[in-house]
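Quick notes on the structure that follows.
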């Protein structure tokens, strides 16, 4: 199977050898732990005093339920076109309100001219001019209404109902947060093999691609914009994760429907990378530690989720694992007469 790269946790054999030679906590002396034979491969004995000196720390495992996930990609969307639509809409709305006011004034003037004409105070020509003005103002109102509706429909088609509602409202706190940079809008595209997401789904995202550093992104709506680089259903999410900028690509982790697993969450510091495999050390006695191979694990918020390789109550080493591996390898070297 393929394993991810673990950055600073990747323990190279050469580094371990250096640690072995440099670390006074494991220097050979009269109290050194006995060397293991072949039947004890993967086990190292360290007395309590040296455990304290070298700072070995452990964690007793308690089971958790983990939501299985799949990975996809997305990007940070520029909302400037949406803001431009908002500006056009508010301008058109102001023009419509002005046209309505002129129409109401024209109606009032028409009623006045009709009364004056009825009493022979003004000529018919004056009345006809006012009627024409009223018709013109009514046409202006109709044109303004059509313009407002066209912009609203454009926002709905291009951005969907939720974002259109934010843009077309007179005051939107959410839209203000986007403008101020407190939130970023993301478009996440599913793999073509995946089914539609349930509404209100919360996902995890990271620009770095590191699942352990992922931040939540909150559902907004289905996306009407097309991501030309990927095929599949698209959705809009909002996120307050730091470091996101417009145009940035992000990795997203989405929950698999109904797929929950039992296992354990362990910190990244517990993982030991050795010979292209990943291990943890478990404390099997007061002075005994055994190296355990991990076959089923995945990055998760707060560390790594492990299933099938550990059991409830196991005491795993979370600080000092590389030193234990160094000592284990050291104990495997045969004595030279």
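The values are calculated or read from the model by the stated rules, or taken from the named source; none is laboratory data. Treat the numbers as computed from the prediction; the structure is a model and nothing was measured. Counting neighbours? That spans all protein chains shown, and the Cβs are built from the backbone with ideal geometry, glycine included.
Odds and ends about this structure:
- Tally, over region 179-215, of residues that are touching a residue at least 24 places away in the same chain (Cβ under 8 Å) and not in a loop (DSSP other than H, G, I, E, B): 14
- Within region 57-68, one or more residues are assigned to a loop (DSSP other than H, G, I, E, B), surrounded by fewer than 12 Cβ atoms within 10 Å (Cβ to Cβ) and modelled with pLDDT of 85 or more.
- Test: residue in region 311-325 that is out of contact with any strand residue (DSSP E or B) (no Cβ under 8 Å at 6 or more places or on another chain) and part of a strand (DSSP E or B): no
- When residue 302 is tested against the conditions (1) within 24 Å of the chain's Cα centre (by Cα); (2) surrounded by 19 or more Cβ atoms within 10 Å (Cβ to Cβ), the lone failure is (2).
- Criterion: more than 19 Å from residue 55 (Cα to Cα), surrounded by fewer than 20 Cβ atoms within 10 Å (Cβ to Cβ), in contact with a strand residue (DSSP E or B) (Cβ under 9 Å, 6 or more places away or on another chain) and modelled with pLDDT under 90 - qualifying residue of 332, 261, 277: 261
- Tabulated pairs, region 225-246, first not assigned by TED's automatic domain parsing to the domain that holds residue 158 and modelled with pLDDT under 90, second part of a loop (DSSP other than H, G, I, E, B) and surrounded by 11 or more Cβ atoms within 10 Å (Cβ to Cβ), C-beta under 7 angstrom, 6+ apart or interchain: 232/190; 232/191; 232/194
- Some residue of region 311-322 being within 30 Å of residue 177 (Cα to Cα) and not assigned by TED's automatic domain parsing to the domain that holds residue 195: no
- Candidates 252, 270, 288 - the one that is within 15 Å of the chain's Cα centre (by Cα) and in contact (Cβ under 8 Å) with a residue 12 or more places away in the chain: 252
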